[in-house]
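Shown next, in structure tokens, is the structure this report addresses.
The values are calculated or read from the model by the stated rules, or taken from the named source; none is laboratory data. The structure presented is a predicted model; accordingly, all values stated were derived computationally and were not measured. Glycine also receives a Cβ, built like all others from the backbone with ideal geometry; neighbour counts cover every protein chain displayed.
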Amino acid sequence: MIDAETLIREQLSGLDPLPPTLSANWEDVLSRVQCPAPAPRERARVRPRRLVLAATVTAIFAIACFATPLGAAIGRGLGDFSDWISGSPGTPASPEDQQVFEQENARSWNGFPTGTQLRELLQTEAAGMTFKLFGFRSGDSLCLRLVVSGQGGGTRTSCAPVSALQQLNEPALVVDADEGFGTIGKTPPPNGYLPQKAAATFGIVSDGVKGVLVAGEGDDQQALVGGNAFLYVADHPALGARVSSVKAITGDGSEVALPFSRAPFGAEDMTLDTPSGRPVSGPTGIERKVEDGTIAWLRRHEERGQAVTAKEADPYRDVSERRDYAESDVFARLLTPAEGGATRALLAWSSGAICFGLYGPADRYFDCYSADEVFAGDRWLGGEVGPSPLQYSLTIYYGSDQFARFYGFVSDDVHELDLYLTDGSVQKVEIRNNVFATWIDRSMFPIRIVSRDKQGAIIGNKVVQNP
Amino acid sequence: MRRTPSQRTSLQVSELEALYKQRFAAFARVAISLTGSVELGQETVQEAFARAIEQIERFRGDCPLEAWVWRIVVNTAHTGARRAAYESGDAVVPEPEEKNGRADLPTVQLWVRSLPERQRTIVFLRYWADLDYRSIADALEIEVGTVSATLSAAHRSLRQLIEEVPR
């Protein structure tokens, strides 16, 4: 258990007992029931409701990168996105913009690699703010960085793996939708939210794209297109208005609908609007039950990857803050879950616990688990079938991102990890030294996560409706 | 023997009553924390259970009954808090009242309040309601991995706050 967790437990438990004025009153509950219900007691309404159940509220998650199905048919060559692949879309950013990027990047232990060259793609004005869209390539990721200056401005960076473009059947890719900037007014309406000054939707386009149409509640709107990117800024959008679809216009004038997931509105909108409406694909059930999963190389302290020293600031800090660090032998290694990527994964063994961390430009995660229980299955995964040999997190940090981050670690039993997507394709997840980190297109949910052993037998099977 | 729908519903209302009596303190603690007010927190629990009775036939049994009730309590608390903030002219959820006559709320509780809404909700469900990850995921209709990731982020934020305070 980490220090913060202990402190929270101790201090919150100190708040007992409840205020003396507070006591359970089931009769009062029954008196509030408005519709006939088979409760055995009188349920006459004695006073009006004080709480109104209506609103949905905002949800802002965090930054992410993304991926698209590896198993999808390859309908295009990378040539259409050649400028992106070579890292040279648009024009070089100004020295000032490059410097700001480098300064911000340098603050992180594991930011984008030094020397990453920013490219300027598009610029526009809206709602009294200036929107500048930059792009760059970093390892296996293609990233868009929207810098908004003016009151209410800010910076958003979202990335896509190169593989997303390799697998793309469409001529463009939405990377981020309805990123809000600034608010209007001071007193919120009953649902608690103020309208935004502007909301930006942006993505990557191939060479042949002549235009991009963005649809919301009204007519289609033309996005700016240039530098192999598109940018649409809704100026003073209505409260809760969201882009509902995006289409690319190709050279011959035809319109192609792009894979898209609406951004959520409201903190209670915790289930993101991602299910495609298509059925879950892939095999059902398991073919072999696995028990007592482990990561043998970690247990025997085999030196894979690299050691964690004070130089690796974030993972070093996380590992050293383990409560029992001083008392036990912590064996920690930094690994690369995806070749060429900037993200690093941490696996550590300490006093019967397995710790996992993920560190990268858009990743920051660390947690420890009982080694005896982590692969025990349902307790963690709630899987449709029994003991599961993998531990994972599936996260969208900001609801605007079009791709969910999927990362974690697996026991030695897992030889293959496949994601069955609703377009019928299979996204193969690369596992290196028992860790993995990839992206899943939100428009492909619900997904089925299937793990197989060396013989190809299914040993884990779980359907996930939403990230 | 298979139960008829009405038999099943009556049974579930009885289960709701048992749950209410058994776990009232946990529901109340979390509701008070989410709303920032003892009165509003109590109101939340009462209204949430009333709503649960009204909607019991919608309970499909795809998660534990308690998780389903937690979902209603959390939604009721969030909505109630925002409604209260609106009616009072505040743009944000009100700060907590004095608890048991004490104004010196534990620092950690104040730190928890500074967390983003989703993190705060999950922290309360984890430590005050003592729900495991699966139950929190069921209650909030999110993935277990998301619960884990969100708690991890909350711990990280709290660690930073703890370190900033001279001891």
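Tabulated data for the structure shown
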quantity	calculated
Members of region A:417-467 that are in contact with a Ser or Thr (Cβ under 7 Å, 6 or more places away or on another chain) and free of Cβ contacts under 8 Å to residues at least 60 places away in the same chain	A:Leu417, A:Val429
Candidate set from region A:225-246 (those that are assigned to a strand (DSSP E or B) and surrounded by fewer than 19 Cβ atoms within 10 Å (Cβ to Cβ)); member that is nearest to the chain's Cα centre (by Cα)	A:Ser245
A:Arg432 at pLDDT 90 or above and either crowded, with 24+ Cβ neighbours inside 10 Å or closer than 19 Å to A:Ser141 by Cβ (or both)	yes
Every residue from region A:105-129 that is surrounded by 14 or more Cβ atoms within 10 Å (Cβ to Cβ) and β-branched (Val, Ile, Thr)	A:Thr116, A:Thr124
Looking only at region B:118-137, and only at residues there that are at the interface with chain A (Cβ under 8 Å from one of its Cβ atoms) and not β-branched (Val, Ile, Thr), the one that is nearest to B:Ala31 (Cα to Cα)	B:Trp128
Matching residues in region A:78-116 - criterion: being at pLDDT 90 or above and polar (S, T, N, Q)	A:Thr91, A:Ser94, A:Gln98, A:Gln99
Region A:85-102: number of residues that are in a loop (DSSP other than H, G, I, E, B) and either of a type in the set (A, V, I, L, M, F, W, C) or loosely packed, with under 12 Cβ neighbours inside 10 Å (or both)	2
Selection status of A:Asp140, more than 24 Å from A:Ala345 (Cβ to Cβ), at pLDDT below 90 and buried (at least 17 other Cβ atoms within 10 Å of the Cβ)	no
Region A:214-224 - residue that is buried (at least 20 other Cβ atoms within 10 Å of the Cβ) and at pLDDT 90 or above and, of those, nearest to the chain's Cα centre (by Cα)	A:Val214
Flag for A:Ser425 being of a type in the set (Ser, Thr, Tyr), surrounded by fewer than 21 Cβ atoms within 10 Å (Cβ to Cβ) and on the phi < 0 side of the Ramachandran plot	yes
Within region A:280-316, tally of residues that are assigned to a helix (DSSP H, G or I) and touching a helix residue (DSSP H, G or I) at 6+ places or on another chain (Cβ under 6 Å)	0
Criterion (in contact (Cβ under 8 Å) with a residue 40 or more places away in the chain and in the same structural domain as A:Gly253 (by TED's automatic domain parsing)) met by exactly one of A:Gly185, A:Gly111	A:Gly111
Meets criteria (of a type in the set (A, V, I, L, M) and in a strand (DSSP E or B)) for A:Leu165	no
Count of region B:42-80 residues which are more than 8 Å from chain A (Cβ to nearest Cβ), without any contact (Cβ under 8 Å) to a residue 40 or more places away in the chain and under 13 Å from the mean Cα position of the chain (by Cα)	3
